[in-house]
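Read the structure below first, then the notes.
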Amino acid sequence: MKSKSLFFITIITIVLSNCNHKNKTKMEENKTTYKFVNHSESSPLSELKSIDVIAIIDSTEIGNIEVKLTNNHSNSISLNNPIYFLTYQLYDRKGKLIPSINKPPIPLINNKETLDPKEDWNFEISGIKNHQDWLPEIEEVNKPVITLLPEKSYTYRLKLKEAINNQNKPYTLKMSLSLISPTSEEGSTSNVTLHTEIQL
C-alpha cells in the first residue's frame, strides 16, 4: 500500500513539473520585441550608433512595456537620462489618438527636489534594471546622467495607464526616444531620436 502511494506521488510530481515548464515556455512565446530606428538622414556619433534600443511587449500583461537599451560599444557610454526624453502616443483601432495626461517634459518640470516615478510621467515607471540588477526607481529617475556599461543593458519597465484602463481594445503604440550625450567641456553634444511602432 505504501509503495502504491509513493508511485502516485511520483506521477503527480512529474505532471506538475511538466505543467510549470509549459507555462514558462508559453510566457516566453508571448513576448515580442520591436526595434527603435532612426528616421533621420543625419547620422549620430559612433558611440550613439552603438546603442540598440528595443521595446519588449508581453501579451499577457496588457499596458506593460519594457524599453531596453544595450551598449554594444567596447567603452562605457554616458547619456542624459533617457527616461526624460521618452514619449508615446496611443491610437485606437480606427486610428484615433487616445487622450493621455499631458504633463510637461521632465527637464521643464517646476523646481521639484525629487521626481516621482509613479506620478511625474504620463506613464508609471514600475522598474529599472541595470543589466541583471533591479535598482531603486526613485534614485535612478533622479540621476541627470546614466552610464551604459560595455556590452550591458539598461531597462525601463513602464505601465501605460491608457492601455490598462481600456483592456478590450487593440492599439497602435508609437514611441520616440532621444539619446543625448552630456555636454562636453568644449560645449559640444550629440543626439539622435529613435522611433518604433507597436501593434498591441
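The values are calculated or read from the model by the stated rules, or taken from the named source; none is laboratory data. Computed from a prediction, not measured in an experiment: that's the story for all the values here. In case anyone asks, the SASA skips ligands and DNA or RNA and just uses the protein heavy atoms, side chains included. Shrake-Rupley method; radii C 1.70, N 1.55, O 1.52, S 1.80 Å.
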Round to the nearest 10 and report in Å² the accessible area of residue 121, as given by a 1.4 Å probe over the protein chains' heavy atoms.
10 Å²
Karplus ³J(HN,Hα) for the stretch 71-82 (6.51 cos²θ - 1.76 cosθ + 1.60, θ = phi - 60°; Hz, whole; x = Gly/Pro) runs 8, 8, 7, 7, 10, 5, 10, 8, 9, 4, 3, x
With a 1.4 Å probe and all protein chains left in place, how much accessible area per residue does the stretch 120-200 have, in Å²?
50 Å²
Which cross-chain or sequence-distant (5 or more) residues have an amide H under 5 Å from the amide H of residue 98, H modelled 1.01 Å from N in plane?
90, 91, 92
With every protein chain in place, what's the accessible area of residue 73 (1.4 Å probe, Å², nearest 10)?
40 Å²
